[in-house]
Amino acid sequence: MSVGAAVGRPRDPEVDERIARAAAEVFGTEGWARFSVDAVARRAGVGKASIYLRWPNKEALLVAVFASRLSGVRDIDTGSLRDDLVALARQVLHAFLDESGGAVLRLMLEVESIPAGQEHLDRFLQSQATAARAIVHRGIDRGQLRRDISVTLLLNTISGGALNHALTTPSRSRAKVAAGADRYAEELVDFVLASVTTAG
């Protein structure tokens, strides 16, 4: 047997991504109860063998999807409280509205029944909270926010507003709303900051 035959044909990253995208779409629309390798294979346009070559079962496939799609929220320090919060809101919005957003929303609803789902969701939410608190505390230290501001209420208003915007978006309008997410993030942050920023 040749070395090449022993090693086998390298996996195609484009196929990997197509399968992962299909898995996210199937889970987002059908939920865990109807999530299956058969359904993912049909959506991805590949044979089941291609999926089992990469993941041993549907649980492992879905865990891989969460690992790649819930990569976390990054703390961005632009020097401006407003711009930092806009960047935060944009990350949250895109996590829920991009092509895999339906899977993220579904995970929040069904997390207790999803293998390893809680671990991935907790990591995503913790990264969001950590980044958000760092942004707000920098704003307070710079004098851009009143020191008596409720950090929790401020963050709940922005992050909650972003999540509600995604939750109330009909599936038929998701692409359009996602395209306007960056502008919506600015409008949301400006609306909230109008009532909490220091004068001047």
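The values are calculated or read from the model by the stated rules, or taken from the named source; none is laboratory data. Remember, it's a predicted structure, so these values are computed and weren't measured experimentally. Note that each Cβ is placed from the backbone with ideal geometry, even for glycine, and that neighbours are counted across all protein chains shown. For accessibility, only protein heavy atoms count, side chains too; no ligands or nucleic acids. Shrake-Rupley method; radii C 1.70, N 1.55, O 1.52, S 1.80 Å.
Just to verify a result, which residue in the range 40-57, among those that are assigned to a helix (DSSP H, G or I) and open to solvent by 60 Å² or more (accessible area, probe 1.4 Å), is nearest to residue 24 (Cα to Cα)?
43
Identify, from the list 93, 85, 105, 121, the residue that is at pLDDT 90 or above and under 11 Å from the mean Cα position of the chain (by Cα). First the steps, then the outcome.
Numbers: 85 fails: under 11 Å from the mean Cα position of the chain (by Cα); 105 fails: at pLDDT 90 or above; 121 fails: at pLDDT 90 or above.
Every option except 93 fails the conditions.
Looking at 171, 159, can you tell me which residue is open to solvent by less than 40 Å² (accessible area, probe 1.4 Å) and either in contact (Cβ under 8 Å) with a residue 12 or more places away in the chain or not aromatic (Phe, Trp, Tyr) (or both)?
On inspection, the qualifying residue turns out to be 159.
Looking only at the range 34-70, count how many residues are of a type in the set (Gly, Ala, Ser) and free of Cβ contacts under 8 Å to residues at least 24 places away in the same chain. Working first, answer last.
Filtering the range 34-70 for residues of a type in the set (Gly, Ala, Ser) gives 36, 39, 41, 44-45, 47, 49-50, 60, 64, 67-68.
Retained after the next criterion (residues that are free of Cβ contacts under 8 Å to residues at least 24 places away in the same chain): 36, 39, 41, 47, 49, 60.
Of the residues in that region, 6 qualify.
For the range 1-12, state whether one or more residues are of a type in the set (Asp, Glu), out of contact with any Gly (no Cβ under 9 Å at 6 or more places or on another chain) and without any contact (Cβ under 8 Å) to a residue 40 or more places away in the chain.
Within the range 1-12, one or more residues are of a type in the set (Asp, Glu), out of contact with any Gly (no Cβ under 9 Å at 6 or more places or on another chain) and without any contact (Cβ under 8 Å) to a residue 40 or more places away in the chain.
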